[in-house]
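Q: Sharing a structure with you now.
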Amino acid sequence: MDNPTERSSLTQTSFKAAPMLNTPHKPETVSERSPGLIHTLSLLRRMVRNPMEAWPARVYSEDLVRSHLLGHMTLFVCAPELVQQVLVDDAESFIKAEPMRRALEPALGQGILTAEGTRWRVQRRVAAPVFRPAAVNGFLPAMIAAARAMRDAWALRPPGSFIDAAHEMMRLTFDIIVETMLSGRGSIDVGRVEASMRDFLESTGWLAALSAVHAPSWTPFPGKWRAARAHGYLRTMVGERIAERRRTGERRDDLLSLMLDATDPETGLGLDDQDVADNLLTFISAGHETTALALTWTFYLLSRHKDVEQRVLEEIEAVTGGAPLEAGQVGSLAYTRQVIAESMRVYPPVALIVRQPNRRLEVGGVSLTPDDNVFVPIHAIHHHTKLWAEPARFDPDRFGPEASKGRHRYAYLPFAAGPRICIGMGFALLEAAAILGTLLPAFHLAAAPGFVPTPKLRVTMRPAEGMPMRIEPR
Ligand code: HEM
């Protein structure tokens, strides 16, 4: 049986109000749950179905929580100063955990998201300039053009039509990442690339769960061959683009050209074709679904908070004077950015970060070995009763300049933190603001009355049943 307390914590109905902690606090509690066979089997079932359901409810109120599965200890690290130790101060002592790597590597190879050690460091250094604000700002016109195309397509639908906002946002951010990476994509079959990405992402839940229980890599699971076919297709497609650019020497204003030209400031060396391919696939997968989910959850929250939506509309109107949003105006949408920030607090697109120590060390007085898992449960930290007043309440004013002052830096981490912080953070935030600023003045999206989406973790945190919403032209 599911633990009702844990389920309700996911649907955010049971959070207790707590005073806002503006000063770092000392972690006090380590709580432990001892395993039993029935408990272990029930946990496994929940891990495959929706791993967040397997989290102990105490992670939403305590600093450190220990849990055991099949002889392995998992330490949930929830206190911001301990998060800082794991992700920032002692980052060199942790690697990305095996289940995550095993889930992602078949498609993404050894790109920035999955590589470790020197291989990661060199790629990250080479790619950093590609994601500097000046470079990312150059992608704004493409982002706005794609959002306008979606706005125009919605305008052709009969008023009151239902859409799956999650699917629509996936399509839109997918178009944007493909266009900004491989401009003039010409012969690329975007529909097939999208379907292949979906097949691959579907397989990651199984791969991660099987790896967590140490099943051998040949273990069959539903969709395994479909995923393998999808990897094959994606690799071939990306390989052909790279070969074509190398052959013709053509340079374009896109991520592919930037990656082919980029060099390591320390060694002067560039990336080889394999590295470029791994990273293009990494950017496609890490870059589109996350941003799409941030937007999907934002549309849902705005549909339930008309006062906030009204303030966003007033800001857009003040910035654009009622004309369509232009690239140079996106930076002025300050309240819109607060809304996106608060939406990613309530519904973080990446709800969990998993690490394994590479040596023996202590976190919060708990001894860890390389066999243990360390979970940084972003969803729980963002709703932690010691860190947030009324954690379940959607309130973008939390991210106003005054309210943010004094909050612990690691009480809020939708893009993680430390050396492995999301490289695409600036790209994603600009993209989300550009899309909201383009679509919102044209349409109100209304969630069906009484519809409460269930967040489900599959590497990213999606609404389990999609996000059915009615489009109402303004
Ligand atoms: C709202 C949108 C996004 C969210 C919430 C998000 C979140 C995250 C998080 C939490 C991590 C850390 C994962 C870990 O350490 O285990 C990460 C890493 C990463 N993200 Fe994002 N991301 C977003 C958008 C993007 C975009 C647009 C791109 C690229 C175009 C991107 C590329 C990456 C890459 C390459 C890494 C690996 C960085 C490294 O390990 O050095 N992400 N992201």
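Here, each number is a calculation from the coordinates, and none is a lab measurement. Worth saying up front: this structure is predicted, and the values here are computed from it rather than measured. All Cβ positions, glycine included, derive from the backbone under ideal geometry; neighbour counts span all protein chains shown.
Q: How many lysine pairs in the chain, separated by 8 or more positions in sequence or lying on different chains, have Cα atoms less than 21 Å apart?
A: So the count of such lysine pairs works out to 6.
Q: Hand me the GluC sites (Glu not before Pro) from segment 254-334 located in a DSSP loop with no more than 15 other Cβ atoms within 10 Å, in residue order please.
A: Counting only loop positions with at most 15 other Cβ atoms within 10 Å, the GluC sites (Glu not before Pro) in segment 254-334 are Glu266, Glu326.
Q: So for segment 297-438, what percent of the C-alpha to C-alpha distances run longer than 24 Å?
A: In whole percent, the long-distance tail amounts to 40.
Q: Could you run the Karplus curve 6.51 cos²θ - 1.76 cosθ + 1.60 with θ = phi - 60° over segment 229-245 and give me ³J(HN,Hα) per residue in whole Hz, x for Gly and Pro?
A: 4, 5, 4, x, 5, 4, 4, 5, 4, 5, x, 5, 4, 5, 4, 5, 5
Q: May I ask which residue of Val354, Val130, Gly424 lies farthest towards the positive end of the charge dipole of the chain, with charges of +1 (Lys, Arg) and -1 (Asp, Glu) on Cβ and the Cα centre as origin?
A: Value: Val354.
Q: Rounded to the nearest 0.05, what FRET efficiency is calculated for Arg246 and Asp152 with R0 set to 41 Å and r the Cβ-Cβ distance?
A: Using R0 = 41 Å, I get an efficiency of 0.65.
Q: Mark the label point 7 Å from the Cα of Glu266 along Cα→Cβ and return the residues of segment 117-132 whose backbone N is within less than 14 Å of it.
A: 117-128
Q: Provide the per-residue ³J(HN,Hα) series for segment 403-409, in order, calculated from phi with Karplus coefficients 6.51, -1.76, 1.60 and θ = phi - 60°, each as a whole number of Hz, with x at glycine and proline positions.
A: 4, 6, 4, x, 6, 4, 3
Q: What does the charge count near Pro370 come to, summing +1 for each Lys or Arg and -1 for each Asp or Glu among other residues with Cβ under 12 Å from its Cβ?
A: 0
Q: Using the beta-carbon distance between Asp273 and Ala318 and R0 = 51 Å, what value does 1/(1 + (r/R0)^6) give for FRET efficiency, to the nearest 0.05?
A: 0.60
Q: Further question on the same structure: Through the Karplus equation 6.51 cos²θ - 1.76 cosθ + 1.60, θ set to phi - 60°, convert the phi angles of segment 99-108 into ³J(HN,Hα) values in whole Hz; use x for Gly and Pro.
A: So the J values, rounded to whole Hz, are x, 5, 4, 5, 6, 9, 4, x, 9, 9.
Q: Something else about it: Given H placed 1.01 Å from N in the peptide plane, which residues other than close sequence neighbours of Ile423 have an amide H under 5 Å from its amide H?
A: none
Q: Please give the calculated 222 nm ellipticity per residue for the chain, where each DSSP H segment of at least 4 residues contributes -39500 (n - 2.57) and the sum is spread over every residue; nearest 500 deg cm²/dmol?
A: Mean residue ellipticity, 222 nm, calculated: -15000 deg cm²/dmol.
Q: While we're here: Counting only residues 5 or more places away or on other chains, whose amide H sits under 5 Å from the amide H of Ala351 once H atoms are built in the peptide plane?
A: Residues meeting the criterion, in which the H sits 1.01 Å from N, are Met461.
Q: Provide Rg and Dmax in Å for the chain, with only Cα atoms included in the calculation.
A: Here Rg and the maximum Cα pair distance are 22.0, 64 Å.
Q: Under 12 Å from the 7 Å Cα→Cβ point of Arg125, by amide nitrogen: which residues of segment 231-270?
A: Backbone N within reach: 263-270.
Q: Quote the convex hull volume per residue of segment 318-390, based on C-alpha atoms, as a whole number of Å³.
A: Given the Cα convex hull of segment 318-390, per-residue volume reads 151 Å³.
Q: For Ile421 and Arg226, compute 0.36 nm times the residue count separating them, minus their Cα-Cα distance, and round to one decimal in nm.
A: 67.1 nm
Q: Along each of the three principal axes of the Cα atoms of segment 117-199, give the extent in whole Å, ordering the values from largest to smallest.
A: Principal extents (largest minus smallest coordinate, Cα): 54, 32, 25 Å.
Q: Let me know the Rg and Dmax you get for segment 197-250 when you use only its Cα atoms, in Å.
A: Cα only, segment 197-250: 15.3, 48 Å (Rg, Dmax).
Q: Moving on to the next point. Any chance you could list the semi-axes, whole Å, largest first, of the equivalent ellipsoid that the Cα gyration tensor gives for segment 132-265, using √(5λ)?
A: So the equivalent ellipsoid measures 29, 25, 14 Å along its semi-axes.
Q: Scan around Phe443 for amide H atoms under 5 Å from its own, H built in the peptide plane at 1.01 Å from N, and keep only partners 5 or more places away or cross-chain.
A: Arg474
Q: Between the DSSP loop rule and a limit of at most 15 other Cβ atoms within 10 Å, which trypsin sites (Lys or Arg not before Pro) in segment 335-438 are left?
A: Taking segment 335-438 and a limit of 15 other Cβ atoms within 10 Å, the loop trypsin sites (Lys or Arg not before Pro) found are Arg359, Arg360, Arg393, Lys405.
Q: Another question, then. Given an 8 Å cut-off on Cα distances and at least 6 residues of separation, report the relative contact order of the chain as a percent.
A: 28 percent
Q: Further question on the same structure: So how many Å³ per residue does the convex hull of the Cα atoms of segment 74-121 work out to?
A: Roughly 86 Å³ of hull volume per residue.
Q: Here's another thing I want to ask about it. How would you order 273-279, 243-249, 461-467 from highest to lowest mean count of nearby Cβ atoms within 10 Å?
A: For the peptides 273-279, 243-249, 461-467, the packing ranking is 273-279, 461-467, 243-249.
Q: 7 Å from Cα along Cα→Cβ at both Asp253 and Gln310: what's the point-to-point distance in nm?
A: 4.0 nm
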